[in-house]
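The values are calculated or read from the model by the stated rules, or taken from the named source; none is laboratory data. Every value quoted in this text rests on a predicted model; they were computed, and no experiment measured them. Note that we place each Cβ from the backbone using ideal geometry, even for glycine, and neighbour counts take in every protein chain shown.
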Amino acid sequence: MAIQDDIIHQEILQSALRLYRKWGPTKVTMDNVAKATGRSRSSLYYYFKNRDEIFQAVLDRIAEDVANEIRTAVSMAVDLNNKIYAFCVSKIKTSQEWKPVFSAIDQLMNADEKSKHIKFLDALHQKLMYLERGILTEALSADGRSHTPAELDMLAFIISSTVRGIRREVFDHNDPHDAKAAATLLSDIVTKWLQG
């Protein structure tokens, strides 16, 4: 994709996300997105086949943005323990930042609309899990110890899933535990296991 096409592609996605937050994805039409971007409806078809493809592309962009933010935090950490901690804290932070967006979208859809879009949201979850496991596996394998790829994948899955659970319990269910303290303990446990 040419640079200008990439810029237009990103403008379409940003406009669509703003519209989703305002009206919900099921009420946003190609005409709405075209108007929000100052383009004709027919010009959108150069970039996207239909509004479902735009919605999927917006979710993909969100997944990439979240993964890039987490990857940056992990790469700036100096040692394994701090890399795991950076992953945990960054994952919690990005989840909290995006939660209002998904809550707003969810509240603007009725039950039928939600069931139609659940496949897209499930795909987003799966993509995030895949990207997060890749970030963790890379950080864990840099330790230099001899662990099998299957062990590292399982450990990345456990860390990622545990962080999701911590975030949900602390922020969604008002558990009194401190999320950063939990991330510290999880990092310490994983590091000790890897070095043991």
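I need the full set of residues from the range 62-80 which are assigned to a helix (DSSP H, G or I), modelled with pLDDT of 95 or more and small (Gly, Ala, Ser), in order please.
ALA67, ALA73, SER75
Residues checked against (1) loosely packed, with under 13 Cβ neighbours inside 10 Å; (2) more than 19 Å from the chain's Cα centre (by Cα); (3) polar (S, T, N, Q):
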| position | (1), (2), (3) |
| --- | --- |
| ILE3 | yes, yes, no |
| LEU13 | no, no, no |
| TYR20 | no, no, no |
| VAL78 | yes, yes, no |
| ILE84 | no, no, no |
| SER95 | no, no, yes |
| VAL101 | no, no, no |
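Between a first residue in the range 37-61 that is under 17 Å from GLN126 (Cα atoms) and a second residue that is of a type in the set (Phe, Trp, Tyr) and part of a helix (DSSP H, G or I), which pairs have beta carbons less than 8 Å apart while being 6 or more apart in sequence or on different chains?
Listed by first residue and then by second, the contacts come to PHE55/TYR20; PHE55/PHE120; GLN56/PHE120; VAL58/TYR20; LEU59/PHE120.
What is the one condition in (1) within 18 Å of the chain's Cα centre (by Cα); (2) in contact (Cβ under 8 Å) with a residue 40 or more places away in the chain that LYS116 does not satisfy?
(1)
Out of curiosity, is THR148 farther than 17 Å from GLU69 by Cβ, among the hydroxyl-bearing types (Ser, Thr, Tyr) and touching a Leu at 6+ places or on another chain (Cβ under 6 Å)?
Spelling it out, it is not the case that THR148 is farther than 17 Å from GLU69 by Cβ, among the hydroxyl-bearing types (Ser, Thr, Tyr) and touching a Leu at 6+ places or on another chain (Cβ under 6 Å).
If you check LYS83 against the conditions, is it without any contact (Cβ under 8 Å) to a residue 24 or more places away in the chain and either not in a helix (DSSP H, G or I) or not β-branched (Val, Ile, Thr) (or both)?
no
Of all residues in the range 138-161, count the ones that are surrounded by fewer than 17 Cβ atoms within 10 Å (Cβ to Cβ) and assigned to a helix (DSSP H, G or I).
10
Among what's in the range 22-33 and is assigned to a helix (DSSP H, G or I) and of a type in the set (Val, Ile, Thr), pick the residue that is surrounded by the most Cβ atoms within 10 Å (Cβ to Cβ).
If we take residues in the range 22-33 being assigned to a helix (DSSP H, G or I) and of a type in the set (Val, Ile, Thr), then VAL33 is surrounded by the most Cβ atoms within 10 Å (Cβ to Cβ).
Test each condition in (1) aliphatic (A, V, I, L, M); (2) more than 20 Å from the chain's Cα centre (by Cα); (3) over 21 Å from TRP193 (Cβ atoms) for VAL66 and report the one that comes out false.
(2)
What single numbered condition from (1) in a helix (DSSP H, G or I); (2) modelled with pLDDT under 95; (3) exposed (fewer than 15 other Cβ atoms within 10 Å of the Cβ) fails to hold for TYR46?
Only one criterion in (1) in a helix (DSSP H, G or I); (2) modelled with pLDDT under 95; (3) exposed (fewer than 15 other Cβ atoms within 10 Å of the Cβ) is unmet by TYR46, namely (1).
From the residues in the range 162-196 that are touching a helix residue (DSSP H, G or I) at 6+ places or on another chain (Cβ under 7 Å) and not in a helix (DSSP H, G or I), which one is nearest to ALA77 (Cα to Cα)?
HIS177
Can you find a residue that is of a type outside the set (D, E, K, R), closer than 29 Å to ALA181 by Cβ and in a helix (DSSP H, G or I) anywhere in the range 103-121?
yes
What are the residues in the range 125-181 that are small (Gly, Ala, Ser), in contact with an Asp or Glu (Cβ under 9 Å, 6 or more places away or on another chain) and free of Cβ contacts under 8 Å to residues at least 40 places away in the same chain, if any?
Correct list: ALA156 only.
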